[in-house]
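A short worksheet on the structure shown next.
The values are calculated or read from the model by the stated rules, or taken from the named source; none is laboratory data. The model shown is predicted, which means the values in this text are computed figures rather than measured ones. Backbone-built Cβ (ideal geometry, glycine too); neighbour counts: all protein chains shown. Ligands, DNA and RNA are stripped out before the accessible areas are found, and what is left, the full protein with its side chains, is counted by its heavy atoms. Shrake-Rupley method; radii C 1.70, N 1.55, O 1.52, S 1.80 Å.
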Amino acid sequence: MRVLIPLYLLTLSCTPSLHAETSESKQWFNAINYSKVNNESRNYESEAYTVASRYYFSPQEHSGVWDDFGYLDTDSNIAINYANDSFSNSNGIFGEGFYSNVFSTLEIANLSETSDYSLGFGYLFADA
């Protein structure tokens, strides 16, 4: 069962990316990372992988590099992630909402500990 979950997440995350390759804009960005650390001198070995997905509520345009002119991206979005290593696993959620020049953010790094969260509000004085 432990092996089936990463394969299912890999399949789920790759499907929107393959379709987005052929279009000029996309709204869904996915990433899968795997790392393995083996330090024989300290008798330490660890494997870790993460799966992350971010959805923008408006299309992201590009001219070669995604959002190459948008240093300050003002498009509302939501992101989820799952991380698993040799010692623990966690899943989190992050969101940004923009309403004219006002914005808010919410992040829960580990959904099993919802009392640990970050909430922010702000105002954009200029577009640059």
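What do you reckon, how do 80, 93, 108 stack up by accessible area (1.4 Å probe), largest on top?
Values: 80 100, 93 60, 108 30 Å².
Correct descending sequence by accessible area is 80, 93, 108.
Set the Förster radius R0 to 30 Å, insert the Cβ-Cβ distance between residue 25 and residue 112 as r into 1/(1 + (r/R0)^6), and round the FRET efficiency to 0.05. Show your work: numbers first, answer last.
Working: r = 35 Å, r/R0 = 1.17.
Efficiency computed from Cβ-Cβ geometry: 0.30.
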* Asked: Given R₀ = 30 Å, FRET efficiency for residue 81-residue 36 by Cβ-Cβ distance, to 0.05?
  -> 0.95
* Structure fact -> For residue 117, the accessible surface traced by a 1.4 Å probe with all protein chains present amounts, in square angstrom to the nearest 10, to 130 Å²
